[in-house]
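Novice: So that we are looking at the same thing, I have put the structure below in structure tokens.
Just so it is clear, none of the values below were taken in a lab; they were calculated from the coordinates. If you're wondering where the values come from, they're calculated on a predicted model, not measured in any experiment. In this analysis, Cβ positions are derived from the backbone assuming ideal geometry, glycine residues included, and neighbour counts consider all displayed protein chains.
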Amino acid sequence: MSGILDQIEPLKAAATEALRAAPDLPSLENAKGAFLGPEGRFTTLMKQMGALPREERPAAGKAFNAAKVALDAVLAECRDRLEDLAAAPKEPTDFTLPGRRRVLGRRHPLTQVTDAIVAAFRRLGFAVADGPEGEDERHCFDALNTPADHPARDSHDTFYLDTPGRPLLRTHTSSVQIRVMETQAPPIRIIVPGRVYRRDNADATHNPTFHQVEGLYVDEGVTVGDLKGTVEFVFRELMGADTKIRFRPHYFSYTEPSFEIDFSNALVRKLGKDWLEIAGCGMVHPQVFENVGYDPERWSGWAFGFGIERIAMIRYGINDIRLFYENDVRFLKQF
Amino acid sequence: MKTTLNWLKDYVAFDWSPEELTERLTMLGLEVEGVDRRGGDFAGVVVAQVVTREKHPNADKLSVCRVNDGKGERQIVCGAQNFQAGDKVPMILPGSALPLKEGDKEPFVIKVGKIRGVESHGMMCSSEELGIDPVSLGLKKEDGLLILDPKAAVGQPFAEYLGRGGADVVYDLEVTPNRPDFNSVIGIAREIAALTGNALKVPAATLPSGDGDIAQSLAVRIDAPDLCPRYTARLIRGVKVGPSPGWLRDRLEKVGLRSINNVVDVTNFVMLETGQPLHAFDYRLIASGGEAVPTIVVRRAVDGEKFVTLDGKEHILTSDHLLIADPVKAVALGGVMGGRNTEVSEQTTDILLETAYFKPSGIRKASKTLGLRTDASYRFERGVDPEATEQVSQRAAQLILELAGGRLVNGVIDAHPAPTEIRQITLRHDRVNALLGLTLRPEEIECYLASLGLRVVNRRPRPVDDAAVAEPITFQVPSYRVDLKREADLIEEVARLYGVDKIPSTTPRYAKGQHAFDTRYDELAEARRLLTGLGLNEAQGQTLVSKGSLRGRSADSVVLLSNPLSGDMDALRPSLVPGLMDILRHNARRKNADIGLFEVGRVFVQQNGGVREGWRLAVALTGARSAGFWSGADRDAGVDLMDLKGLLEEFLEHFGLRGLTWTRREGDAGWYVESAAIQLGGKVPLGELGQVQPRVAKSYDLRGPVYVAELDLDALLAKRNTSRGYRALPAFPAIRRDIAMWVAESITHDAVMQAVRQAKAANLEAVEIFDVFRGKNVPEGQKSVAYALIYRSAERTLTDAEVNAAHEKVVAHLKQSVGAQIRE
């Protein structure tokens, strides 16, 4: 009766060979049927086990079982291999081809720069504030210590509107200083990004519409040193850690003392310059405090403002402000 | 304001290099906008004297000379024949270049070299080589070297010998409106003096005694003291008007002024020097009218009065304008420009010299209304020194006497009805330190202010008894510092002189700010993030648009500009759509065909005489649906309305808006082929979307279909619900039943959905449309639609029988209410 047992190994070897030889999944299934199917040779041999004497059956069962496990493993291995083969394309994929994109849009560069500025200020506790773009003389000029015949108005060529209630377009975001101080008590800590308007013909450095950011801090004991520290922090956040800041005396009607801010970094030096003017600032003029009903003896503060386009132009190396407003998609997609 | 390095050095000693001066002025608040180095004419050319002249050993026509250049002797080989030892000639030193002549590409630089074996260290020059006309200099035209006046000083720079300026550096300075005193060379020198501690040397005017008494020759009457608080006049008779000397012409020309004649040049020079504008009249053209003597009347113009200024232009005046007149006629637009009728000319012999103080606001108004801006009006409108008129008059008179001759008429008329108030400002030292963040000692602060000419007039005890702080000090402000009005102004002066750069920065304080807009800013940012995530690029359009481009959008309430720059930009946008269309056009013209853009921005409409500003969101789509790809059947598919709607649905859902309705609008002839209103809960209007009419698109150079949408962001934000809640995931399987049916074209998806809902089928979880088809086998006027209905219970697995029963109800209801023909 040892005949059956003797047949197991050769049959297992044949089955293994047949399985391994299958070139694809259907052939593998055929080979499996030929050996392990209900009518398969291995199954048939196994059925003969019933004819063995009772005492030989456990050994035979064990042998059959081991062979079956081994064949199943071979089958699984072959199946995995042939499945991979079946899944692969006929020709290998050219991974250098461009993929099918799900395209993300881009935020406008001015938005990105504004967000960066806002983020830097918010780290110091500033809240974003806002005010109307259609303004009146009081908020845009008078309360900022720039009455009608003031020479400082020369640089603010103003657009006027046919609406008597709001007769002009704000020429700077400083108007929001007044609006906020009129409605909130100190301390004040705001930044105001927004659109402003000047009656300049468009050219490479002018657009009648442009953006500014205004910062205002009013509290007890605020100093020029605090202003400088804040400006340095914000510009290092924006323009890189190597940024150097220089303050120069200047004049604005609503701050006293007033300063202009120059900055320098690798970008500026690449332009062949030592310094680039970037912002104006100063300590809030006591007259402005009086105009909004704050006591200048108790409160002090600083304000500063700068052009967002200018920052964006320096940051990205853009040489024509009109690009921001033309919105050529080839331009927008670069940011 | 332009000045030069050498000019400044006339008034104050300093040894800064030109670059250092730039830096110093900048850090004082006088921004240097331009630095122009002038080499000076004839650089390297000096007056030299021939000491010996001998024949060249190797050449018949050349001579070897020893020449004295003022510093020593040098050997020069020369080819000219017209000179001898002892002659004085211009000589150019090695390393210098001859002036460029027509046709020269590069300057000819003189080098040390051997000529026929003999070394030559320079070149003696002919008039041609120097490019000058000897006759105009009073010299003989020679064939050969230019032979100079025997009295010429050996070693003198040739330019100086000619009376022309030497090398200098011209600074173009940006003067801020608060510092009119910087509109003068002395004003700038004064700051340098304060910084260096060196003395300011103001030229002292000492007038010779003259003839007669001015009162016998002139009277001044000020009828408008509100516009002209002070008028000072002097007379000089018998002058000879002629060209100015070289130094004066050079000074004026370096700072960009044209030389006119010696008298006018003096008035301009003194204006630049002192900041006080002056005017010279031809005295003999001033009438006495009925008065005893010629009389200057300072008065307002009569409405409609005409006046011709020096530049030949006629102005029609109003009573806002100030005239300098005699009893018969006007002779000048006070503080702005003189009149043609009394202009100083070659025939003028007697000069009436005016120095006056005009009120800034009056001059500003006159200059603006007449569109006439002069060096004088510019200075007056910013405020000149009201105390300077008499001194400046003396300085100018002295220079006129020096340069144009003549005799002074003794005395001066100084009409000064209301003397200017002396300004005093009290300063608290602790306030200086508190604001600047410094710890300056009181003496330092006083020292800075004293260096600027502020004088301590009073020290008074502090109101509070605190020994640690200094007493407040009252300073008298010099009359030329019209900008110093209060304590803060003095603090700025201290900061400037201390050095703004030296003020230490401190770690920024953290303080919590607050404003209602703060959260709004984040919401707008979130909207932008979502929209870019959906593949749109963000645009930022112009706020100013053309009224003509609005095509009826908010036509009645558009806010117009009163002073537009052009018709392209004469209105504030009442909608973002026209601006987006402009942007599409810009892209179309540059062959950017596939565009998906959005803009988040403000729009403006009139409301009760004011402006209502609102935030909007607009989207525009045109061209291909997806990014270019190299395979696939639908790769060339263009966008359509459903792309736009789907994009908006996705955006609105993520932005926190549910329960929207999209209602087709009948007609919108201005813009759309087809459009729909978007509403919340069927009543709150949120916006619109639609396909732009081809004729509108074409007007923007757009050929393919264009889809736009605009949403009211304010309404969106007001109705936003961003709360999120968890719902348990289903524990039991769903059963799907499909319905395919024909319905009339007029039956909307919404109607079908409503019908399904009305059937109230048990356990119906969701309904999804998965096919709409028209054409083959579908009867005309009908469409084939297919829906998947998903049934599920939260408590148990449903049986086929109960799902079938529920589904039958739906089918029956669809047949009945929307006339559906069910397909198998």
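Novice: So for the protein assembly as shown, taking the charge dipole from beta-carbon charges (+1 Lys/Arg, -1 Asp/Glu), which of B:PHE629, B:LEU497, B:PRO134 sits furthest toward the positive end?
Specialist: It is B:PHE629.
Novice: Which value, to two decimals, describes the C-alpha radius of gyration of the range B:231-289 once divided by 2.2 N^0.38 Å?
Specialist: 1.24
Novice: May I ask for the net charge around A:LYS333, where only other residues with Cβ less than 14 Å from the Cβ of A:LYS333 are counted and Lys, Arg are +1 while Asp, Glu are -1?
Specialist: Net of charged neighbours comes to +1.
Novice: Could you give log10 I(q)/I(0) at q = 0.10, 0.13, 0.24 Å⁻¹ for the range A:231-319, computed by the Debye formula over C-alpha point scatterers of equal weight, without solvent?
Specialist: Values returned for q = 0.10, 0.13, 0.24 Å⁻¹ are -0.31, -0.49, -1.14.
Novice: Averaged over peptide B:521-534, how many Cβ atoms belonging to another chain are found within 10 Å of each residue's Cβ?
Specialist: Per residue, the average neighbour count from other chains is 3.
Novice: Hey, another quick one. Please report the relative contact order for chain A, taking Cα pairs under 8 Å with a sequence separation of at least 6, and give it as a percent rounded to a whole number.
Specialist: Relative contact order for chain A comes out at 15 percent.
Novice: What is the distance in Å between the Cα centroid of the range A:48-101 and that of the range A:173-224?
Specialist: 74
Novice: Also, quick follow-up: What does the average come to when, for each residue of peptide A:220-232, you count the partner chain Cβ atoms lying within 10 Å of its Cβ?
Specialist: 6
Novice: Given the options B:VAL605, B:PHE655, B:LEU530, identify the residue whose Cα lies farthest towards the positive end of the charge dipole of the range B:517-718 (+1 on Cβ of Lys, Arg; -1 on Cβ of Asp, Glu).
Specialist: B:VAL605
Novice: For the range B:229-278 and the range B:39-117, what is the separation of their Cα centres, given in Å?
Specialist: Taking the Cα centre of each part, the range B:229-278 and the range B:39-117 sit 39 Å apart.
Novice: Quick one: Debye curve from the C-alpha atoms of the range B:353-440, no solvent, what's log10 I(q)/I(0) at q = 0.14, 0.17 Å⁻¹?
Specialist: -0.75, -0.88
Novice: About the Cα centre of the range B:517-718, what is the dipole size in debye to 20, counting +1 per Lys and Arg Cβ and -1 per Asp and Glu Cβ, all else neutral?
Specialist: 520
Novice: Two decimals is fine: what's Rg over Rh for the range B:121-198, C-alpha atoms, Kirkwood radius as Rh?
Specialist: Reported Rg/Rh, Kirkwood definition of Rh: 1.24.
Novice: Separate question: Count the net charge of all other residues whose Cβ sits under 12 Å from the Cβ of A:ARG81, scoring Lys and Arg as +1 and Asp and Glu as -1.
Specialist: -3
Novice: While we're looking at this one, here's another question. Measure nothing but the geometry: give the 0 to 90° angle between the long axis through the Cα atoms of B:442-451 and the longest principal axis through the Cα atoms of chain B, rounded to 10°.
Specialist: For B:442-451 against chain B, the angle is about 60 degrees.
Novice: Okay, moving on. Using the Kirkwood radius over C-alpha pairs as Rh, can you work out the diffusion coefficient of chain B via Stokes-Einstein at 37 °C, viscosity 0.692 mPa s, in µm² per second?
Specialist: Estimated diffusion coefficient is 90 µm²/s.
Novice: Further, regarding this structure: Using θ = phi - 60° and the Karplus curve 6.51 cos²θ - 1.76 cosθ + 1.60, what whole-Hz ³J(HN,Hα) does each residue of the range B:360-373 get, with Gly and Pro shown as x?
Specialist: For the range B:360-373, the Karplus curve yields x, 5, x, 5, 4, 5, 4, 4, 5, 5, 8, x, 10, 10 Hz.
Novice: Give the whole-number value, in cubic angstrom per residue, of the convex hull volume spanned by the C-alpha atoms of the range B:424-502.
Specialist: So the per-residue Cα hull volume is 87 Å³.
Novice: Turning to a different aspect of this structure: Please go through the residue pairs B:LYS783/B:LYS815; B:LYS151/B:LYS254; A:LYS12/A:LYS47 and name each one whose alpha carbons sit more than 23 Å apart in this structure.
Specialist: The pairs that break the limit, which is 23 Å between Cα atoms, are B:LYS151/B:LYS254.
Novice: Something else now. Report, in cubic angstrom per residue, the convex hull volume of the C-alpha atoms of the range A:2-87.
Specialist: It is 69 Å³ per residue.
Novice: Ok, one more. Lysines near B:LYS71 by alpha-carbon distance under 16 Å, same-chain residues fewer than 8 away left out - which ones?
Specialist: B:LYS88
Novice: For the range B:45-161, what D do you get in µm² per second when you plug the Kirkwood radius from alpha-carbon pairs into Stokes-Einstein at 25 °C and 0.890 mPa s?
Specialist: D, rounded to a whole number, is 170 µm²/s.
Novice: Using 26 Å as the Cα-Cα cut-off, could you pick out the over-long pairs in B:LYS9/B:LYS368; B:LYS240/B:LYS368; A:LYS32/A:LYS62?
Specialist: Where the Cα-Cα span goes over 26 Å, the pairs concerned are B:LYS9/B:LYS368; B:LYS240/B:LYS368.
Novice: Listed highest first by mean packing, meaning other Cβ atoms within 10 Å per residue, what order do B:150-158, B:571-579, A:94-102 come in?
Specialist: Packing proxy ranking, top to bottom: B:571-579, B:150-158, A:94-102.
Novice: Going through the cross-link list B:LYS55/B:LYS140; B:LYS201/B:LYS313; A:LYS333/B:LYS512; B:LYS111/B:LYS141; B:LYS2/B:LYS306, which pairs have a Cα-Cα distance over 29 Å in this structure?
Specialist: Long pairs (Cα-Cα over 29 Å): B:LYS201/B:LYS313; A:LYS333/B:LYS512; B:LYS2/B:LYS306.
Novice: For the range A:22-32, in order, what is each residue's ³J(HN,Hα) by Karplus, 6.51 cos²θ - 1.76 cosθ + 1.60 with θ = phi - 60°, in whole Hz (x at glycine and Pro)?
Specialist: So the J values, rounded to whole Hz, are 4, x, 8, 5, x, 4, 5, 5, 4, 4, 4.
Novice: Quick one: length gained pulling B:ASP568 to B:LYS201 fully straight, 0.36 nm per residue minus the C-alpha distance?
Specialist: Full extension of this stretch gives 126.5 nm more.
Novice: Further question: Output the direction-averaged projected area (hull surface divided by four) of the convex hull of the alpha-carbon atoms of chain A, in nm².
Specialist: The orientation-averaged projected area of the Cα hull of chain A comes to 32.8 nm².
Novice: Okay, next question. Give the separation of the Cα centroids, the range B:801-821 to the range A:116-153, in Å.
Specialist: Centre-to-centre (Cα) distance: 65 Å.
Novice: Also, I was wondering about something else. I'd like the mean, over residues of B:536-549, of how many other protein chain beta carbons sit within 10 Å of each residue's own Cβ.
Specialist: Neighbouring Cβ atoms belonging to other protein chains average 5 per residue here.
Novice: Taking the Cα centre of chain B as the origin, how large is its charge dipole in debye, to the nearest 20, when only Lys and Arg (+1) and Asp and Glu (-1) carry charge on their Cβ atoms?
Specialist: 1240
Novice: Shifting gears a bit: Could you give the radius of gyration (one decimal) and Dmax (whole number) of the Cα atoms in the protein assembly as shown, in Å?
Specialist: Rg then Dmax for the protein assembly as shown, in Å: 45.0, 163.
Novice: Residues with amide H under 5 Å of B:ASN82's amide H, sequence separation 5 or more or different chain, H placed in the peptide plane at 1.01 Å from N; which?
Specialist: B:LEU145
Novice: Let me ask something else. With contacts defined as alpha carbon pairs under 8 Å and 6 or more residues apart, what's the relative contact order of chain B in percent?
Specialist: Reported as a whole number, the value is 8 percent.
Novice: Take each of the peptides B:42-55, B:351-364, B:787-800, average the number of other beta-carbon atoms within 10 Å over its residues, and list them starting from the highest.
Specialist: The most tightly packed comes first, giving B:351-364, B:42-55, B:787-800.
Novice: With the convex hull built on the Cα atoms of the range B:712-824, state its orientation-averaged projected area in nm².
Specialist: Result: 9.9 nm².
Novice: Farthest toward the dipole's positive end in the protein assembly as shown, which of B:LEU372, A:PRO98, B:HIS515, given Cβ charges of +1 (Lys, Arg) and -1 (Asp, Glu) about the Cα centre?
Specialist: A:PRO98
Novice: So, counting K/R as plus one and D/E as minus one, what does the shell of residues with Cβ under 13 Å around A:ARG246 add up to?
Specialist: Surrounding charge for A:ARG246 is -3.
Novice: When you count, for each residue, the other Cβ atoms within 10 Å and take the mean per peptide, how do B:266-272, B:773-779, B:141-147, B:325-331 rank with the highest first?
Specialist: Sorting B:266-272, B:773-779, B:141-147, B:325-331 by mean packing, highest first, produces B:266-272, B:325-331, B:141-147, B:773-779.
Novice: Treating only the Cβ atoms of Lys and Arg (+1) and Asp and Glu (-1) as charged, compute the dipole magnitude of the range A:142-238 about its Cα centre; round to the nearest 20 debye.
Specialist: 240
Novice: Further question on the same structure: Applying the Karplus parametrisation 6.51 cos²θ - 1.76 cosθ + 1.60 with θ = phi - 60° to the phi angles of the range B:425-440, what ³J(HN,Hα) value in whole Hz is obtained for each residue in order, glycine and proline being reported as x?
Specialist: Listing the rounded values in order: 10, 9, 10, 9, 4, 5, 5, 4, 5, 5, 7, 8, x, 10, 10, 7 Hz.
Novice: Let me ask you something else. Round to the nearest 10 and give me the degree value, 0 to 90, for the angle of helix B:18-28's Cα axis relative to the longest principal axis of chain B.
Specialist: Approximately 60 degrees, to the nearest 10.
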